[in-house]
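Accompanying notes for the structure given below.
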Amino acid sequence: DAVSAVIPAHTYQQLLRVARANPLFVLPLPRAGQGVEFFFLQFDFHQVHFTSLVEYKASQAQARPYLTLTHYTDYMDRGVVLMRGEIDAERGLLDAQSAQYLALQMQQFYVTGGAEKRRLLEAFNQRPAEFDYRELMEAAEKL
């Protein structure tokens, strides 16, 4: 399974700028009848890796991503960046709809979501003692 998108170059440039200062984050993924599962995301230049927060806490460097978003900048001079999201189908934790939701949440917190979401992102990376998962849940519901 995979997801894809065409991103305006200026949006991607803003995403990169914010990601340099805030390369890590967590996003909640609602699970029907099961509550919420948190995913840990990590930027690695033009890629973003998502893994289960539970798995990351247990294995850290050995935790394999369930979703990897790769951004192709070949057409940036034409005003667009292509994105492809590879889902690890063998592990069966994510489907295309869930992967799309995580990608959209990432965009909200890094680019388009406003001051409240940016404050949470910055707190997670720069002031962890101020980060509150309850506030994250409330902000994520405002997609």
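So the values come out like this:
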item: Shape category assigned to region 56-119 from the gyration tensor of Cα positions, a/c cut at 1.5; result: oblate
item: Total charge dipole magnitude, the chain, about the Cα centre, Cβ charges on Lys, Arg, Asp, Glu only, Debye to nearest 20; result: 300
item: Net charge of Cβ neighbours under 14 Å - reference residue 66; Lys, Arg +1; Asp, Glu -1; result: -4
item: Two-site FRET efficiency, residue 96 against residue 34, from Cβ-Cβ distance with R₀ of 25 Å, rounded to 0.05; result: 0.85
item: Region 58-97: chymotrypsin sites (Phe, Trp or Tyr not before Pro) falling in loop per DSSP and having at most 14 other Cβ within 10 Å; result: 75
item: In range of the label at residue 84: residues from region 17-47 whose backbone nitrogen is under 16 Å from the point 7 Å along Cα→Cβ; result: 46-47
item: Pairwise FRET efficiency - residue 17 versus residue 115, Cβ, R0 = 25 Å, nearest 0.05; result: 0.95
item: For region 71-143 versus region 5-69, the gap between their alpha-carbon centres in whole angstrom; result: 6
item: Rounded percent of accessible protein surface that carbon and sulfur make up, the chain, 1.4 Å probe; result: 49
item: Cα convex hull of region 1-127 - mean projected area over all directions, nm²; result: 8.1
item: Where labels lie 7 Å past Cα in the beta-carbon direction, separation of residue 1 and residue 129 in nm; result: 4.1
item: Solvent exposure ordering (accessible area, 1.4 Å, most first) of 53, 69, 93; result: 93, 53, 69
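The values are calculated or read from the model by the stated rules, or taken from the named source; none is laboratory data. Everything numeric here is computed off the predicted structure, so don't read it as measured data. With ideal geometry, Cβ positions are generated from the backbone for all residues, glycine too; neighbour counts draw on all protein chains shown. Only protein heavy atoms, including side chains, enter the accessible area calculation; ligands, DNA and RNA are left aside. Shrake-Rupley method; radii C 1.70, N 1.55, O 1.52, S 1.80 Å.
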